[in-house]
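Any read-out appearing in this document is the output of simple, stated calculations on the displayed coordinates, not a laboratory observation. Computed from a predicted structure; not experimentally measured. We place every Cβ from the backbone using ideal geometry, glycine too, and count neighbours over all the protein chains shown.
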Amino acid sequence: MKTTEDIHNPYCPICDGCGEEGCCSPLRCEQSSEGSYCQTYLKDLKFGYKMNNILMEKIYQDKEKYKELIEFYDQMYDINYDKIYK
């Protein structure tokens with residue numbers, strides 16, 4: 001039998017995310033059809049992706065000024081790419 005706590009559980013049954021901005025990372029979302037906050041988390045991920053693109057375009061426009069930052073970013077990109085895709 002379900003308790004009142006089970007019925008009103010605010011956490012996603014797939015990823016345990018709460019859907020609150022700034023609390024649970026959208027990176028934990030599995031984009032499941034059974035998820036509770038997948039559309040919200042997808043919007044958060046799209047926003048972060050767009051902001052990253054805007055920032056990187058600006059930084060790469062002035063390569064000499066941001067040379068060290070670009071090198072660091074490229075290094076972190078490679079590390080995280082390997083973690084996610086390999």
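Relative to the longest principal axis of the Cα atoms of the chain, the long axis of helix 67-85 makes an angle of roughly 40 degrees. Taking the Cα centre of the stretch 1-73 as reference, the dipole from Cβ charges on Lys and Arg (+1) and Asp and Glu (-1) amounts to some 320 debye.
Peptides 10-21, 51-62 ordered by packing proxy, namely the average of other Cβ atoms within 10 Å per residue, highest first: 10-21, 51-62.
When the Cα positions of Ser36, Asn80, Tyr60 are compared along the charge dipole of the chain, Tyr60 comes out farthest toward the positive end, with charges on each C-beta of Lys, Arg, Asp and Glu. Each peptide in 38-48, 69-79 was scored by the mean count of other Cβ atoms within 10 Å over its residues; highest first, the order is 38-48, 69-79. Note on the chain: Rg/Rh from C-alpha atoms, Kirkwood Rh, equals 1.16.
Annotation: lysines with alpha-carbon distance below 30 angstrom to Lys50 (same-chain offsets under eight excluded): Lys58, Lys63, Lys65, Lys67, Lys83, Lys86.
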